[in-house]
Amino acid sequence: MAGAFGAHGLRGTVTPRALEVFQTGVTYQMYHAFALMIVALLGTAGLSRRLLTASALMFALGILLFSGSLYGLALLDIRALGPVTPLGGLCFMAGWVLLAVAGLKR
């Protein structure tokens, strides 16, 4: 829905750069929504629940911080959100590392 909103509802309303920033948020949100589904499926494969839960939390926090800050930048021009974006990226990276560790420990 966010992608369709960006493609149809925002065109002509925000600058092309803001639309690009919004689309980046949508893209990373979608990738990590799929990652969350994979983590849920792996919960039935005998991997460490503790590591999978931590990975899922990092992915969810990453979506909130990374994509959320980009949405705020694009839609509301809240420049103070700029430093929040890399924190979300770090959460994404931590989620992937935790997921890899869970797989390797098995």
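The values are calculated or read from the model by the stated rules, or taken from the named source; none is laboratory data. Only a predicted model underlies this, so the values are computations on that prediction, with no experimental measurement involved. Reconstructed Cβ throughout: ideal geometry from the backbone, glycine too, with neighbour counts over all protein chains shown.
Only one of the numbered conditions (1) modelled with pLDDT of 95 or more; (2) of a type in the set (Val, Ile, Thr); (3) surrounded by fewer than 17 Cβ atoms within 10 Å (Cβ to Cβ); (4) over 11 Å from the mean Cα position of the chain (by Cα) is violated by Val39, and that is (3).
Looking only at residues in region 44-56 that are out of contact with any helix residue (DSSP H, G or I) (no Cβ under 8 Å at 6 or more places or on another chain) and not charged (D, E, K, R), the one that is nearest to Val97 (Cα to Cα) is Thr53. Candidates Ser48, Ser67: the one that is among the hydroxyl-bearing types (Ser, Thr, Tyr), crowded, with 21+ Cβ neighbours inside 10 Å and in contact (Cβ under 8 Å) with a residue 24 or more places away in the chain is Ser67.
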